[in-house]
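Novice: I am attaching a structure below and will ask some questions about it afterwards.
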Protein chains: 2
Amino acid sequence: MGTTIDLPLDQVLVGDCIAWLRHLPPASVHAIFADPPYNLQLKGTLRRPDDSLVDGVDDEWDRFPDLGAYDAFTREWLTECRRVLRKDGTIWVMGAYHNVFRLGSALQDLGYWILNDVIWRKSNPMPNFRGRRFTNAHETLVWAARGPESRYRFNYAAMKALNDDLQMRSDWLIPLCTGGERLRDDKGAKLHPTQKPEALLHRVILACTQPGDVVLDPFLGSGTTAAVAKRLGRRFIGLERDPTYAQAARARIDAVEPAPEDAAAALPSKREQKRIPFGTLVERGLVPPGAKLFDRQKRWEAVVGADGTLRCGRAQGSIHQVGAAVQDAPSCNGWIFWHLEGRDGRLRVLDELREAIAREE
Amino acid sequence: MGTTIDLPLDQVLVGDCIAWLRHLPPASVHAIFADPPYNLQLKGTLRRPDDSLVDGVDDEWDRFPDLGAYDAFTREWLTECRRVLRKDGTIWVMGAYHNVFRLGSALQDLGYWILNDVIWRKSNPMPNFRGRRFTNAHETLVWAARGPESRYRFNYAAMKALNDDLQMRSDWLIPLCTGGERLRDDKGAKLHPTQKPEALLHRVILACTQPGDVVLDPFLGSGTTAAVAKRLGRRFIGLERDPTYAQAARARIDAVEPAPEDAAAALPSKREQKRIPFGTLVERGLVPPGAKLFDRQKRWEAVVGADGTLRCGRAQGSIHQVGAAVQDAPSCNGWIFWHLEGRDGRLRVLDELREAIAREE
DNA sequence: TTAGGCTCTGAATCGCAGG
DNA sequence: ACCTGCGATTCAGAGCCTA
């Protein structure tokens, strides 16, 4: 175990990721994104129907002697990641059918708590040239908290907004990284065999971090994680073994222009907004003491007390308690249950009044 | 190890599947479909926002003391399945994130050779009621051969035909089993908590067997595998622990009319509708966070957030919501209201960008 | 007859701040 | 660390009823 160093923010560090991770202080990063070697087991070469050669992944870093060696490697870096992850941080690990079952099992064995598996559906996958299997049109991301009790961050409202006001699902349709986004060398060949699309990282980072948070990528590769983190106003730490990749990533990151601060923030969910006690509405005269509140169908009528309590028959208490009591329900959100009658006879839900106050403050 | 019996074709056998498997002759079935217990670990009760209770899976058969016990169980039945599987046969195993990584790892460890992982995308999944995760909108099927050298069957042309003459991809969009297909008891309650849709088994069986082949299901449950196998002119062997489920499955299977031998019983493939959320344009960099949008006359200017929301003065929300707010209109089609300014100063309506993406997918 | 509204339900590891 | 109580949270599809 080496000596601990200060958190090397916004840097690409060249070297073995496990060694680097051991130097980082514990519980120091908010999120980790890891796209480890897939342990692809290609046999021989693959040709398209027109006899052209498929440029598969056959790099040295993707070769392991057997599954046991791959498992040992996986457990080692995932162990160090868990140490470095903050108590309430989350990790994303991605893979394909060759390795993702090893990754998921290792996460569970090491004490992580899986929150979702997410499917990256490729809109433009490589076809299956031999016609011997289904077109491999997706990869899998596993999203996990450090443990079952983690109070992790999930920017629910932002994800919902990103999906036209429907809950974000666990299947994401995103094209492969091609065209101008793909890094290439002098000869126009792709620089990295598995460069991930920025759209994928955009969604990942936006889902589970806020501006200023630290995102670590132990297999930085072409630098997609760091580039998107910078653009979204997050800090990053990138680890990469190969100096050529690291250098290309640095150049790529340097060219990124961060988004304006207010654009990078995720839409705050209601939970994160400032709490307004119902009594405030009474104090400010928006709901005078003695006013009557109704549910939407006007089945019940309650009277407002000067202290912000409601009374409805025998039930007395907060807007939530009385709402729950009259419905005989275990709980109730009084803000959206109770309504005030306007002069025109129209019912206005309390939540509207609350939002008017929230905007003022 | 018990004595071997003749292959009990087209029967539902009641009892422990591992015990039954041990009695079956080796290398005797062409395909196996297994939907084992998922080992869900539900803690409390879950209510919908309207306070109704969610009927979760808390059956005794889904409870295991710990992951180790689940792994041991998994390895045991998968070992027997491999013995019973013909040399060139294939197996389908399905699960969700709770268990599928254990299943996939066990398959690999036992010598099976994974061919694909296939995603069952649910068109109508249950939402995430607490807003704490992504909507769990899929399950995973692992398709594997008995070993790396297996000369397995894959009905490439049938799958392609089933998919409007495009190669069948690894992500399948299929609705949940509901309505008339769902088995119910006298009181109208669902008979089995996890009955699978016949459309799913249709595709599975059609992909890897031919008429007359034997399909084994060690966790038959409500009998979907056997019913579809019979309809498609395949033989089946169903193992089921619970006599009630087995009895219901038998009745269901008896009612199935086999398709005519030459019938190309192809389900109409479902062309996917293309709904493009505005957030997609942001993620893909077509509209960067912080970009400014204008209405056609440039009366208003709004700023784009990283989550696809707009902000214009105090109004924040979707392109539609903010468009409506600034005009003080009840509603607004943001796609044709907002414009992006090009480098040449010309305004381009968002709808043009959306159509560019829709064409790609 | 039909259109529209209301109800019900589905493999679910489903709070959190403040005291 | 524990306890209290506020108050946040749902989509698609089938079935049924009413106008």
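Each value in this text was obtained by applying a stated rule to the coordinates, not by laboratory testing. These figures come from a predicted structure and were not determined experimentally. As a convention, Cβ positions derive from the backbone with ideal geometry for all residues, glycine included, and neighbour counts pool all protein chains shown.
Novice: Out of A:161, A:324, A:34, any idea which swings most in a Gaussian network model of chain A, alpha carbons joined below 10 Å?
Specialist: A:324
Novice: Specify which residue in the list B:89, B:338, B:3 is farthest towards the positive end of the charge dipole of chain B, using unit charges on the beta carbon of Lys, Arg (+1) and Asp, Glu (-1), about the Cα centre.
Specialist: The listed residue farthest towards the positive side: B:338.
Novice: Let me ask you something else. Along the Cα-to-C-beta direction of residue A:321, a point sits 7 Å from the Cα; which residues of the range B:32-52 have their amide N less than 19 Å from that point?
Specialist: From the range B:32-52, the list is empty.
Novice: Could I ask something else about it? By the gyration tensor of its Cα atoms, with a ≥ b ≥ c the square roots of the eigenvalues, what is the shape of the range A:11-270: rounded for a/c under 1.5, prolate for a/b over b/c, or oblate?
Specialist: Since a/c stays below 1.5, the shape of the range A:11-270 is classed as rounded.
Novice: A further question on this structure: Taking only C-alpha pairs under 8 Å that are 6+ residues apart, what is the relative contact order of the range B:278-360 in percent?
Specialist: 22 percent
Novice: From the label point of residue B:356, set 7 Å from Cα along Cα→Cβ, how far away are the matching label points in the other copies, in nm, ordered shortest to longest?
Specialist: The answer, with the shortest distance listed first, is 4.4 nm.
Novice: Could you tell me whether the protein assembly as shown comes out rounded, prolate or oblate from its Cα gyration tensor? Rule is a ≥ b ≥ c as square roots of the eigenvalues, rounded for a/c under 1.5, then prolate if a/b exceeds b/c, otherwise oblate.
Specialist: Oblate, since a/c reaches 1.5 and b/c is not below a/b.
Novice: Using a Förster radius of 22 Å, what is the FRET efficiency between residue A:87 and residue A:3 based on their Cβ-Cβ separation? Nearest 0.05, please.
Specialist: Taking R0 as 22 Å, the efficiency between residue A:87 and residue A:3 is 0.45.
Novice: Set the bar at 18 Å for Cα to Cα. Now go through A:230/B:292; B:122/B:274; A:160/B:196; A:160/A:270; A:122/A:196; B:160/B:196 and name every pair that lies beyond it.
Specialist: In this structure, A:230/B:292; A:160/B:196; B:160/B:196 lie more than 18 Å apart at Cα.
Novice: Under a 10 Å cutoff between Cα atoms, tell me which one of B:234, B:299, B:22 has the largest fluctuation in the Gaussian network model of chain B.
Specialist: Judging by the Gaussian network model, the answer is B:299.
Novice: Using a 7 Å offset from Cα along the direction of the beta-carbon, what are the separations from residue A:294 to the same position in each other copy, nm, ascending?
Specialist: 4.8
Novice: Based on the alpha-carbon gyration tensor of the range B:117-245 and its eigenvalue square roots a ≥ b ≥ c, which shape applies: rounded if a/c is under 1.5, prolate if not and a/b is larger than b/c, or oblate?
Specialist: Because a/c hits 1.5 or more and a/b fails to exceed b/c, the range B:117-245 counts as oblate.
Novice: Here's another thing I want to ask about it. Using Cα pairs under 8 angstrom and six or more residues apart, how large is the relative contact order of chain A, in percent?
Specialist: 15 percent
Novice: In the range B:212-233, whose amide N lies under 16 Å from the spot 7 Å out along Cα-to-Cβ of residue B:110? List them in ranges.
Specialist: B:216-220
Novice: Suppose the chain between residue B:349 and residue B:53 were pulled fully straight at 0.36 nm per residue; how much longer would it get relative to their current alpha carbon spacing?
Specialist: This chain segment gains 102.0 nm when fully extended.
Novice: Say R0 is 22 Å: what FRET efficiency, to the nearest 0.05, do residue B:181 and residue B:244 get from their beta-carbon distance?
Specialist: 0.70
Novice: In chain A, which helices (entire DSSP H runs) extend 20 Å or more along their own long axis, judged by Cα positions, while averaging at least -0.5 on the Kyte-Doolittle scale?
Specialist: Span-like helices, by this rule, are A:67-84.
Novice: If you rank B:113, B:77 by fewest surrounding Cβ atoms within 10 Å, what's the result?
Specialist: By the 10 Å Cβ count, ascending: B:113, B:77.
Novice: How do B:242-254, B:89-101, B:181-193 rank on mean C-beta neighbours within 10 Å, highest first?
Specialist: B:89-101, B:242-254, B:181-193
Novice: Taking chain A as a Gaussian network, where each spring joins two C-alpha atoms under 10 Å apart, which residue of A:107, A:281, A:239 fluctuates the most?
Specialist: A:281
Novice: Counting DSSP beta bridges with both partners in the range B:1-144, what percentage is antiparallel, nearest 5?
Specialist: Approximately 70 percent, going by the DSSP bridge assignments.
Novice: Can I ask one more? Considering only DSSP beta bridges where both residues belong to the protein assembly as shown, give the percentage that are antiparallel (nearest 5).
Specialist: Given both bridge residues lie in the protein assembly as shown, the antiparallel proportion sits at roughly 60 percent.
Novice: Roughly speaking, what is the centre-to-centre gap between the range B:222-243 and the range A:60-102 when only Cα atoms are used, to the nearest Å?
Specialist: After rounding, the separation between the Cα centres reads 39 Å.
Novice: Which distances, in nm and shortest first, link the residue A:19 label point to the same label point in every other copy, taking 7 Å along Cα→Cβ?
Specialist: In ascending order, 5.8 nm.
Novice: Run the dipole for the protein assembly as shown about the Cα centre, Lys and Arg Cβ at +1, Asp and Glu Cβ at -1, nothing else charged, and hand back the magnitude in debye, nearest 20.
Specialist: 980 debye
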